[in-house]
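For reference, the structure discussed in these notes is given below.
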Amino acid sequence: MALGVQFDVVPTVLSATEGRFGIGGQVWLGIDHVRLRYIGAHLDVPKAIHGQDGFTAVETTVWAAVIDYTFGDHYDEWWVSTGFELWLNEVGLEDAVATRAEWQSVIWTVGGGYIWRFYDNFYLDPWIAVHVPLNNLEIAVGNRTFDVIPIQPEVSIKIGYFIDL
């Protein structure tokens, strides 16, 4: 058994490109090759990702619980994952600062990566995932419609540490 924490760099990097603060943290419990992972994150989505003119301040707060299977002997090497996430979203119009919309998205996610333990139980974890929104694909914002991307790929790297129990 093990208990771990990890930091995901994507929320911080993406938010920084918008001049805002973002963060992503995770805690997990591992039994044999299985990890139950709880995720919390907040980020500002750059226009280069949402790709829609006229919208600003696209923010997402994520809460998730996923299950991982690690193929290595000590919560390392290749892993795969699936689970559900709740995304709390906001978006505004560039030309009407007071006009904003808020909505919740239920997301199914699947992903995987490679855990490289570089010193004791400290590790780097490059990974990739696909997020599929299960609801709310068109959001009314004033007199405009913000289209949620129906299949959202993500790639990142996590930095973590775990203790053996």
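Any idea which residue in the range 21-39 is surrounded by the fewest Cβ atoms within 10 Å (Cβ to Cβ), counting only those that are of a type outside the set (Val, Ile, Thr) and over 13 Å from the mean Cα position of the chain (by Cα)? Working first, answer last.
Just the residues of the range 21-39 that are of a type outside the set (Val, Ile, Thr), to begin with: 21-22, 24-26, 28-30, 32-33, 35-38.
If we keep only those that are over 13 Å from the mean Cα position of the chain (by Cα) too, we end up with 21, 28-30, 32-33, 35-36.
Values: 21: 12, 28: 21, 29: 15, 30: 20, 32: 10, 33: 14, 35: 22, 36: 14.
So, considering only residues that are of a type outside the set (Val, Ile, Thr) and over 13 Å from the mean Cα position of the chain (by Cα), the one surrounded by the fewest Cβ atoms within 10 Å (Cβ to Cβ) is 32.
Identify all residues within the range 13-31 that are free of Cβ contacts under 8 Å to residues at least 24 places away in the same chain, β-branched (Val, Ile, Thr) and under 30 Å from residue 1 (Cβ atoms); write none if there are none. Break it down stepwise before answering.
Taking the range 13-31 and keeping what is free of Cβ contacts under 8 Å to residues at least 24 places away in the same chain, we get 13, 16, 19, 21-23, 25.
Those left that are additionally β-branched (Val, Ile, Thr): 13, 23.
Selection gives 23 alone.
Looking at 5, 10, which is the one that is assigned to a helix (DSSP H, G or I) and touching a residue at least 60 places away in the same chain (Cβ under 8 Å)?
On the way: 5 fails: assigned to a helix (DSSP H, G or I).
Selected residue: 10, the only one of 5, 10 that is assigned to a helix (DSSP H, G or I) and touching a residue at least 60 places away in the same chain (Cβ under 8 Å).
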>> Can you tell me which residue is farthest from residue 140 (Cα to Cα) among those in the range 28-57 that are in contact with a Gly (Cβ under 8 Å, 6 or more places away or on another chain) and at pLDDT below 95?
In response: 44
> residue 84: under 24 Å from residue 18 (Cα atoms) and aromatic (Phe, Trp, Tyr), yes or no?
Replying inline: no
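For the range 120-148, give me each residue that is out of contact with any strand residue (DSSP E or B) (no Cβ under 8 Å at 6 or more places or on another chain) and modelled with pLDDT under 95. It would help to see each step written out before you state the result.
Our first condition is that a residue be out of contact with any strand residue (DSSP E or B) (no Cβ under 8 Å at 6 or more places or on another chain); within the range 120-148, this holds for 120, 143.
143, the sole residue that qualifies.
The values are calculated or read from the model by the stated rules, or taken from the named source; none is laboratory data. Keep in mind it's a predicted model, so treat the numbers as computed, not measured. Cβ coordinates were reconstructed from backbone atoms using ideal geometry, including for glycine residues, and neighbour counts include every protein chain displayed.
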